[in-house]
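Below: one structure, written as structure tokens.
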Amino acid sequence: MANSKGSKARFGNVRRLPSGRYQARYVGPDGHSHQAHTTFDTIGDAETWLSTIRADIVRDTWNPSGRSKNLLTFGQYAEAWLEGRKVRGRPLAARTREHYRHLLDQHIYPTFESTPLRYITSEQVDHWYALTAVGKPTLQSHAYSLLRTILGTAVERNLIITANPAKIRGAGSTERVRKVKPASLAELEELVAAMPERYRLMALLACGAPCASVSWPSCAEGT
């Protein structure tokens, strides 16, 4: 296990910071030391990042910023994902696609569109979530769920080589702001009485209300 003095990976160097997170550094082809643009949850994540940099050097796609040329961005991948997304073998419904488009354009792309897909971190997702659709929990939940799903698909396709960075517990669900109180028999009677007569019995049966509990003649007349 790494300690504060650092541990040698096969390429580069990983050291544990006082915060408990891990920092990765390496010497590039230019002879200079370069540091990862973020810190990592585990030593394994840090070493995985170093392996991607090593692969970039071997493929001659490395550059001094520490990021390879022509990396697939989140926006590029999300567009392809949206175009090819299917549910139970069927393309997305038009309204669902429109909803996803709104979430991407208004809430996700401003932060992640140009970010290389494999460099999105859990810290970035946490920070984005805290500032997204504040005061609108349902919209916030929908935006987070879409981001998590797209990133999850990228993980399955090995386009992200670490775990899904969207891992905020409970962020994809919302609770009702207020509980819905069932109508009382008196309220039910008033509602049903306002309906056309031919629908009254059907409405009562749908609500599970026994005719004997509702005191008006038309209930008996409908039987």
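On the basis of the beta-carbon distance and an R0 of 25 Å, Thr115 and Thr42 show a calculated FRET efficiency of 0.70.
Need one number for segment 74-156: average projected area of the convex hull over its C-alpha atoms, nm².
5.4
Could you grab the relative contact order for segment 68-159? Cα pairs under 8 Å, six or more apart, rounded to a whole percent. Spell out each step's value before the answer.
Details: 50 pairs, mean separation 32.5, N = 92.
That works out to 35 percent.
What the Kirkwood sum gives for segment 7-58 is a hydrodynamic radius of 10.9 Å, with every pair of different alpha carbons counted. Both radii are taken from the alpha-carbon atoms of segment 109-162; with Rh as the Kirkwood radius, Rg/Rh is 0.98.
We did not get these values from a lab; they are worked out from the coordinates using the rules stated. The structure displayed is predicted, hence computed values, not measured ones. In this analysis, Cβ positions are derived from the backbone assuming ideal geometry, glycine residues included, and neighbour counts consider all displayed protein chains.
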